[in-house]
1. Restricting the search to region 6-24, which residues are closer than 25 Å to LYS221 by Cβ, surrounded by 18 or more Cβ atoms within 10 Å (Cβ to Cβ) and of a type outside the set (A, V, I, L, M, F, W, C)?
2. Working carefully through the options ILE17, ILE109, find the one that is of a type outside the set (S, T, N, Q), modelled with pLDDT under 95 and farther than 17 Å from TRP129 by Cα.
3. Pairs, please: C-beta under 8 Å, at least 6 apart or cross-chain, first residue in the same structural domain as LYS209 (by TED's automatic domain parsing) and among the aromatic types (Phe, Trp, Tyr) and in region 165-180, second buried (at least 19 other Cβ atoms within 10 Å of the Cβ) and at pLDDT below 90?
4. Run down VAL42, VAL55 and say which single residue is in contact with a strand residue (DSSP E or B) (Cβ under 8 Å, 6 or more places away or on another chain), in the same structural domain as GLY123 (by TED's automatic domain parsing) and β-branched (Val, Ile, Thr).
5. Of all residues in region 25-56, how many are surrounded by 17 or more Cβ atoms within 10 Å (Cβ to Cβ), of a type outside the set (D, E, K, R) and in a loop (DSSP other than H, G, I, E, B)?
6. Write out, first by first residue and then by second, each pair whose Cβ atoms fall under 8 Å of each other, whose residues are 6+ apart or on separate chains, and whose first residue, in region 118-129, is assigned by TED's automatic domain parsing to the domain that holds ASN61 and free of Cβ contacts under 8 Å to residues at least 24 places away in the same chain while the second is among the charged types (D, E, K, R) and assigned to a strand (DSSP E or B).
7. Mind listing just one residue for me: the one in region 141-196 that is acidic (Asp, Glu) and surrounded by 14 or more Cβ atoms within 10 Å (Cβ to Cβ) and, of those, nearest to PHE2 (Cα to Cα)?
8. Could you grab the pairs with beta carbons closer than 8 Å, sequence gap of 6+ or different chains, first residue in region 60-83 and farther than 17 Å from LEU46 by Cβ, second one among the charged types (D, E, K, R) and not in a helix (DSSP H, G or I)?
Amino acid sequence: MFTPRIEIPDKNNRYYIPTSSGGLNPGIAKPAGSPFQFQNCVFYSLGRFAEVTGVWLKSTNAENFVEVAKGMGLTVSDKPVLGAIAVWGKGVIGNGNDGAGHVANVEIINSTGTIVTSESGWGASKPFWTQTRKNDGNWGQNSSYKFLGFIHPPSSISPAHPVLKEGCKGDSVIDLQTKLANLGYYYKGSIDGDFGLKTLGAVLAFQFKMGLEVDGTCGPKTWTKLDAICSK
């Protein structure tokens with residue numbers, strides 16, 4: 001099950017630590033003087049794609065991501081999919097003197113057609129952020145960049161967890177109730193796929209205990225925490 005990354009990676013996550021420091025990432029870790037090991041889009045995107053798929057894209061330059069991906073047999077299209085890398089070029093592709101490109105990773109695809117990406121940037125004021133991007137022909141990047149395509153994961157990924165709240169019903173609610181029950185927040189005998197008052201109470205208790213926003217809605221942050229704990 002695909003879990004969107006909406007929070008900064010842990011500093012001990014080896015996908016975001018360079019190989020020279022005992023990590024897994026072959027990219028260039030950061031600009032000189034940066035306190036963050038992955039404060040650039042390429043290094044972060046390489047790590048995120050590998051974290052999702054187990055595949056390291058053989059590139060250290062954003063502008064040639066698409067060419068390299070095609071050479072590795074990966075699909076590139078104008079359609080976003082979960083776990084894909086969105087790629088933009090700047091100026092003449094391959095000419096480093098007229099600016100570098102940009103890459104970001106698709107974490108959420110909304111019913112409205114917008115996507116949420118996770119990303120970093122060379123020399124940016126912060127090492128990690130998420131951004132909602134609309135399909136305006138360039139996916140929200142400014143006009144000095146040109147969208148080159150989405151690099152798809154090598155195999156399909158299960159859809160992300162849906163946002164659940166009181167009144168929702170179905171298999172996703174059963175999944176939620178089961179995880180809450182396994183952690184002691186919900187009675188296993190009450191698992192019924194119906195998000196009622198008991199489920200609401202369990203979600204509120206879990207969110208409070210985990211230091212999350214206590215709103216009773218099981219969104220990406222709550223799902224991410226549930227999945228992380230239940231996978232241990």
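The values are calculated or read from the model by the stated rules, or taken from the named source; none is laboratory data. Given the structure is predicted, the values throughout are model-derived calculations rather than measurements. Here the Cβ positions follow ideal geometry from the backbone for every residue, glycine too, while neighbour counts run over all protein chains shown.
1. Once the filter is applied, which keeps residues that are closer than 25 Å to LYS221 by Cβ, surrounded by 18 or more Cβ atoms within 10 Å (Cβ to Cβ) and of a type outside the set (A, V, I, L, M, F, W, C), region 6-24 yields PRO9, TYR15, TYR16.
2. Result of the check over ILE17, ILE109: ILE17.
3. none
4. Among VAL42, VAL55, only VAL42 is in contact with a strand residue (DSSP E or B) (Cβ under 8 Å, 6 or more places away or on another chain), in the same structural domain as GLY123 (by TED's automatic domain parsing) and β-branched (Val, Ile, Thr).
5. 8
6. Matching pairs, first to second residue: TRP129/GLU119.
7. Ranking the candidates gives ASP175 first.
8. Sorted first by the residue in region 60-83, then by its partner, the pairs are LEU82/GLU107.
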